[in-house]
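Just below is one structure, and these are the notes that go with it.
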Amino acid sequence: MNTAVPKLSLRNVTKTFPAKGGDVNVLNKLSFDVYDQDFVSIIGPSGCGKSTVFNIIAGLLHPDEGEIRMDGEVVNGLRGKVGYMLQKDLLFPWRTVLENVVLGLEVRGTPLSESREIAMEYIYTYGLAGFEHAYPKALSGGMKQRVALIRTLIYDPQVILLDEPFSALDYQTRLYLEGVLVEAVETFKKTVILVTHDIDEAVALSKRVVVLSSRPGTVKAVHEIGLSQRTPIESRSDPRFSGYFHALCAELDIQTKVGS
Amino acid sequence: MDEVLARQSNDAEKIKRPAKFLTPQLKATASTLSIQLGMVFAFLLIWQFVVERGWISAFLAGSPAGIFSKLLEAVNNGSLWDNAKATVIEAIAGFLIGSLLGSLLGLSLWYSSFFARVVEPFIVAINSVPKIAFAPIVILWFGTGMVSKIMLATSMTFIIALIAAYEAAKNADRDLQSLMLALGSTKHQLFFKVVVPYSLPAIIATFRINIGFGLVGAVVGEFISSSHGLGHMIFTASSFYDLDTVWVGLFTLMLVGFILYYVVDRVERRLLPWKQADSGQRFRV
Ligand SMILES: Nc1ncnc2c1ncn2[C@@H]1O[C@H](COP(=O)(O)OP(=O)(O)OP(=O)(O)O)[C@@H](O)[C@H]1O
Ligand SMILES: [Mg+2]
């Protein structure tokens, strides 16, 4: 397997939330590695702590135990180094498309004249030309997620965290955006961690899939996906696709045969 | 590059609706306006009729004809203008000082939740006193001139603005804040890029209410002790049972409040263009 130093590694990460009627242990000694230009999907039952893992990686929450290493060094979360995309588009309603896109660079202190030019290029490439001065409420769901994606890419983060980014979209738009994502990740050589409930999506996009157990979340299995197609649609028609799909369903205890 | 930019601005142009002279909206406004004017006119006619018939005493109710002659008189000798000017200046000054200071302080409470927790009960306590009850003290402290009315109008508006701004800032979208923090934002950036813009609609909504309270502060101050202003005009006229002049003062106040409200409305449209994006869109029911 990969012998390089992982881009990002989680070691024995444990997190417990205080709650009424006893603490909730959400993550228990969670460990996994993500390599440079990796595409890792995390799947697992609802409530097993996937979003919590993301918040810990992003540096929004601190683990009770365990450590995060980036390029081999222990870090306190990746604040300022991660791109972040959720199911909600998280666009600022008071900012135009252009102003939303440059947000990350603005926070980082890049002068507007500079970021504006890059932003316009991206907006053009991703088919949003003419909407740069529109407010988010005037956009469709798919367009909003495209804006969120551009905002994430333009920020040029070390690691991109995607928490069910396409799950609120219709199937067509989702296929299209999956394609856009995979292409962008290839072009810009990004490292991606994707949380999804869609096993199909996980297989079609990732190089590896990490399966979490139900709460408290631990790594139950890691599956290497050996599909080498260029687009998520081609991946889905690979003969090996359904093998991976069924293996992951079995990991999640989903019955794939009626009456079995 | 220039060509590209030109093309983009063209695209943007296409999104806007072409301006026509008599748009449907304009027609709708004209028809509501004529109905409203008709209602006012009918009301005045009935009032005059009822008073002339003697069904209602003109002495206690005034009459439109009498109001009109008093209005002409007050306009001609300039007293109406003087009084209105005094009241408007007091109300606006108090409104601006109270609302701006209150909003700024309310927003800045976001910075320290500890400090906010410490002062919260005091804010609630002050808010629960009817501010108008301070009027006599304020007049004692600041005299019978305009300053005391400005102070009253300030005290009427300050706490309301403070509470509204603080509440709005406290409830600023958590997810947007998480995003900003993940992007590496500082507390300052979080404040200016999320908390302030998020709270602005609520703050401006309070401005609408506060413009009315500014007028209340000014007028009540004038009732208590003054030599100018619409409140003074109404108060002295009513002590002489000059109901027509009282009505002139009241209607002028109404007009002033109306205009100021409209100004705040314009300011809101200016400051919150993103709220306006779908204003033309209504559901058919
Ligand atoms: N701030 C918090 N305080 C207390 N409990 C929390 C907090 N955040 C999450 N939890 C709890 O932790 C558990 C895991 O939450 P998390 O959002 O990480 O799950 P998830 O795997 O992302 O679920 P889903 O697939 O439904 O999005 C849940 O039971 C939730 O109630
Ligand atoms: Mg989640």
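The values are calculated or read from the model by the stated rules, or taken from the named source; none is laboratory data. Only a predicted model underlies this, so the values are computations on that prediction, with no experimental measurement involved. Ideal geometry is used to build each Cβ from the backbone, glycine not excepted, and the neighbour counts take in all protein chains shown. To get the accessible areas, we keep the full protein, side chains included, count just its heavy atoms, and leave off ligands, DNA and RNA. Shrake-Rupley method; radii C 1.70, N 1.55, O 1.52, S 1.80 Å.
Data for the structure
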item	result
The listed residue being more than 10 Å from chain B (Cβ to nearest Cβ) and at negative phi, out of A:LEU105, A:LEU112	A:LEU112
Unique residue being without any contact (Cβ under 8 Å) to a residue 24 or more places away in the chain and either within 16 Å of ligand 2 (Cβ to nearest atom) or in contact with a strand residue (DSSP E or B) (Cβ under 9 Å, 6 or more places away or on another chain) (or both) when the list is A:ASP33, A:ASP23	A:ASP23
Verdict on B:ALA153 being buried (at least 20 other Cβ atoms within 10 Å of the Cβ) and touching a Leu at 6+ places or on another chain (Cβ under 8 Å)	yes
Test: residue in the stretch A:249-260 that is at pLDDT 80 or above and hydroxyl-bearing (Ser, Thr, Tyr)	no
Search result, residues across the stretch A:112-140 that are open to solvent by 30 Å² or more (accessible area, probe 1.4 Å) and among the charged types (D, E, K, R)	A:GLU114, A:ARG116, A:GLU117, A:GLU121, A:LYS137
Any hit, the stretch A:63-83, residues being open to solvent by less than 50 Å² (accessible area, probe 1.4 Å), facing another protein chain (nearest Cβ under 9 Å), within 27 Å of A:ILE154 (Cα to Cα) and part of a strand (DSSP E or B)	yes
Output for the stretch B:156-192, where each listed residue is of a type in the set (S, T, N, Q), open to solvent by 50 Å² or more (accessible area, probe 1.4 Å) and closer than 20 Å to A:ARG79 by Cα	B:THR186
Test: residue in the stretch A:183-200 that is within 16 Å of ligand 1 (Cβ to nearest atom), within 14 Å of chain B (Cβ to nearest Cβ) and crowded, with 22+ Cβ neighbours inside 10 Å	yes
Residue in the stretch A:48-58 that is closer than 27 Å to A:ILE154 by Cβ, within 9 Å of chain B (Cβ to nearest Cβ), within 16 Å of ligand 2 (Cβ to nearest atom) and open to solvent by 50 Å² or more (accessible area, probe 1.4 Å) present	no
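The rows are residues; the columns are (1) buried (at least 18 other Cβ atoms within 10 Å of the Cβ); (2) under 23 Å from A:THR231 (Cα atoms); (3) in contact (Cβ under 8 Å) with a residue 60 or more places away in the chain; (4) at the interface with chain B (Cβ under 9 Å from one of its Cβ atoms).
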| residue | (1), (2), (3), (4) |
| --- | --- |
| A:VAL97 | yes, no, no, no |
| A:ASP156 | no, yes, no, no |
| A:ILE160 | yes, yes, yes, no |
| A:LEU181 | yes, yes, no, no |
